[in-house]
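Below is one structure, written out as structure tokens; comments come after it.
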Amino acid sequence: MTRVAELKQRLREQAELHLRLAAMEELRARYPQGTTAPYRERGAVFWRRVFVPLYRRVPWSTKERAMRALGMTAERSGWTTPPRRPGEPWRPPAARDGKRAA
């Protein structure tokens, strides 16, 4: 793996981790019965105080453009999303013979 690819991977992992931790913290605050505050590692102030709030305020179209510009999309690996309209639930792709996959 190239150095740039490693940096992209690390960036994505850190972003996902801190967005997930923020979501869990919100759930804990919303439903406090029976939950305790999770262990929080020291540091990571940038991710908690800057990245997460900024990420939540940026529109999805801007995030999508940034991910495409950085090459951080699944399309780069040859995978394409199945076509569907907004609000339509996901369904497994049809098998090659025209029947739905089980």
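Every read-out reported here was derived from the displayed coordinates using simple, explicitly stated rules and does not represent laboratory data. Here the structure is a predicted model, which means the values were calculated and not measured. Quick reminder, even Gly has a Cβ in these numbers, built from the backbone with ideal geometry, and neighbours come from all protein chains shown.
Here's the picture: charge each Lys and Arg Cβ at +1 and each Asp and Glu Cβ at -1 in segment 16-76, and of THR36, PHE51, LEU19 the one pushed furthest to the positive end of that dipole is PHE51.
Listed by Cβ neighbour count within 10 Å, with the fewest neighbours leading, LEU19, LEU27 appear as LEU27, LEU19.
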